[in-house]
Amino acid sequence: MARNGIHHVTAIAGDARRNLDFYTRILGLRLVKKTVNFDDPGTYHFYYGDEAGQPGAILTFFPWAHVAPGRIGVGETQETAFRIPESALGFWTERFVAQAVSHEAPRTRFGETVLPFRDPDGMRLALVAVRGAENEAGWTGGGVSAENAIRGFHGVTLMLDKAAATGAVLTDVFGFEQVATEGGVTRFRAGDTTVGGIVDLNEVGGFLPGRPGGGSVHHIAFRAEDDAAQSAMVEKLAKGHGLRTTEQKDRDYFRSVYFREPGGVLFEIATDVPGFAVDEPADALGGALKLPRFLEPHRARIEEALPDLSPVTASVDAA
Ligand code: ZN
């Protein structure tokens, strides 16, 4: 079993409750961890994924209530795509219409049918119909049946001024290979990795740089099996590409280093270990607010400052 590909994608959202509602109720993903931004504990950090919270299926958000919208441009992630079974395309198209989710007509890319859509903050997302995905287990707790459920990430598209140096990092350090080109887009695939195995580089020389904000991707994390594999990647980045990473940071559910890749996108290398079941049982993932040990003494104050997540219910009381 290959251990390459995307570990998680982290993005910026506005309202926390709206974000939680969209990803769990409309897309039917599992909230696998509810914690805070370790560097900014007044902000939630939500992790959405599949039933087990496996690497390659994790989309995370920092919701900042009053964040200004981002603008797409070079040095940024242009689109984040999920995998669905081919037979689920009709279901999702109808669901997006019924739930008033902003979406476009399906189109073909690299021989696959792609349904682009946006989240409430304008984040660019897509569902990609993948043959055989119906044979993989799907999480049903979010109210979407197993036959239609999302099966982790398909991959990401990066918008770059020039793609070559980024492609070299993908192939040399992260175990991807260049497999196809279509227009200005070059596709890289991580061996036989199914979930999170695709990175498309869209070379658009001369375009404006992106501006981070609501609906923008903050960073893309790639998988390392363990600390040793991560160290080997750090060494390759330094020796082969002249790229320096941060020191390792303990994120409780994985251990991470960060670096800015040559095209300007923030990359992370995250270990597969220890995973999301380290501080709550696998069948109760996302149920309670989890804090890192150093913030636990401040729990009462943190809980009080965090935004209310209780569902909005229509009031029928007379004024
Ligand atoms: Zn991350």
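Protection proxy ranking for 161-170, 273-282, using the average of other Cβ atoms within 10 Å per residue and placing the highest first: 161-170, 273-282.
Evaluated with a Cβ-only charge set (Lys, Arg +1; Asp, Glu -1), the range 6-305 carries a dipole of roughly 560 debye about its Cα centre, given to the nearest 20. For Lys34, a cut-off of 21 angstrom between C-alpha atoms picks up these lysines, skipping any fewer than 8 places away in its own chain: Lys249, Lys290.
Of Trp92, Trp64, the residue with the largest accessible area leads and the full order is Trp64, Trp92 (1.4 Å probe).
The mean sequence distance of close C-alpha pairs (under 8 Å, at least 6 residues apart), as a share of the length of the chain, puts its relative contact order at 24 percent. Farthest towards the positive end of the charge dipole of the chain, among the residues Tyr48, Asn202, Phe176, is the Cα of Asn202, using unit charges on the Cβ of Lys, Arg, Asp and Glu. Given a 1.4 Å probe and every protein chain left where it sits, what share in percent of the accessible area of the chain is carbon and sulfur? On the chain, the fraction of accessible area on carbon and sulfur atoms equals 51 percent.
Taken over the Cα atoms of the range 1-109, the convex hull encloses 164 Å³ per residue.
Over all pairs of different C-alpha atoms, the range 6-305 has a mean inverse distance whose reciprocal, the Kirkwood radius, equals 19.5 Å. Farthest toward the positive end of the dipole of the chain, out of Ala65, Gln99, Pro274, is the Cα of Ala65, where the dipole comes from beta carbon charges about the Cα centre. Note that the chain presents 45 Å² accessible area per residue, ligands and nucleic acids not counted, probe 1.4 Å.
Tell me, how many Å apart are the Cα centres for the range 83-112 and for the range 140-202? Distance between centres, Cα-based: 18 Å. Calculated mean residue ellipticity at 222 nm for the chain: -4000 deg cm²/dmol, from DSSP H runs with n ≥ 4 weighted as -39500 (n - 2.57), summed, divided by the residue count and rounded to 500. The GluC sites (Glu not before Pro) of the range 46-139 meeting both criteria, a DSSP state outside H, G, I, E and B (loop) and at most 13 other C-beta atoms within 10 angstrom of the site's C-beta, are Glu104.
Selection among Ser216, Leu295, Pro307 by position relative to the dipole of the range 207-319 gives Ser216 as farthest towards the positive end (Cβ unit charges, Cα centre). Summing +1 for each Lys or Arg and -1 for each Asp or Glu among the other residues whose beta-carbon sits under 10 angstrom from that of Thr186 gives -2.
The values are calculated or read from the model by the stated rules, or taken from the named source; none is laboratory data. In this text the structure is predicted, and so the values were computed from the model without any measurement. Cβ sites come from the backbone with ideal geometry, for glycine too, and all protein chains shown count toward neighbours. Note: accessible area is taken over every heavy atom of the protein model, side chains too, but ligands, DNA and RNA are not part of it. Shrake-Rupley method; radii C 1.70, N 1.55, O 1.52, S 1.80 Å.
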